[in-house]
Amino acid sequence: VQLQASGGGLVQPGGSLRLSCITSARMSDINIMGWYRQAPGKERELVVIISNMRSTHYGDSVEGRFTISGDNAKNTLYLEMNSLSPEDTAVYYCNAWNRGITSWGQGTQVTVSS
């Protein structure tokens, strides 16, 4: 599965941003998809995963503020991010796990700063 993420940018604290991830395969055929992020000097961490485009699991730091969704017709996974804070600054990566194979997108930078 090939993944192409986009939508990152600079946003002020308290603002919102939506990330997109276009997949080369039908999302309904992919076991698990999700978003991860990596801040400077830190390890990559889970943001959210979705299994079979139904069951979701959010990281503690984003639950209630971020929402994952998908558009099967467009083969696109979204991450809606609200109430952003400087602690959300990171490179965000789209991820897919299907039949034992893990795929990563190229990452998109999100910077939260006034």
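The values are calculated or read from the model by the stated rules, or taken from the named source; none is laboratory data. Owing to the predicted nature of the structure, the values given are computational and were not obtained by experimental measurement. Here Cβ is always computed from backbone atoms with ideal geometry, including for glycine, and neighbour counts include all displayed protein chains. Accessible surface areas use protein heavy atoms only, side chains included; no ligands, DNA or RNA. Shrake-Rupley method; radii C 1.70, N 1.55, O 1.52, S 1.80 Å.
Miscellaneous remarks
- Shape call, the chain: gyration tensor on alpha carbons, a/c limit 1.5: prolate
- Approximating the spin labels as points 7 Å out from Cα along Cα→Cβ, the SER51-to-GLN4 distance works out to 3.1 nm.
- For the stretch 15-114, the dipole from Cβ point charges (+1 on Lys and Arg, -1 on Asp and Glu) about the Cα centre works out to 300 debye, to the nearest 20.
- With both residues required to sit in the chain, DSSP beta bridges show an antiparallel share near 95%.
- Heavy-atom accessible area ranking, 1.4 Å probe, most first, across ARG65, ARG99, ARG44, ARG26: ARG99, ARG26, ARG44, ARG65
- Modelled label positions at TRP104 and ASP60, each set 7 Å beyond Cα in the direction of Cβ, lie 2.4 nm from each other.
- Accessible surface, the stretch 50-114, averaged per residue in Å² (probe 1.4 Å): 53
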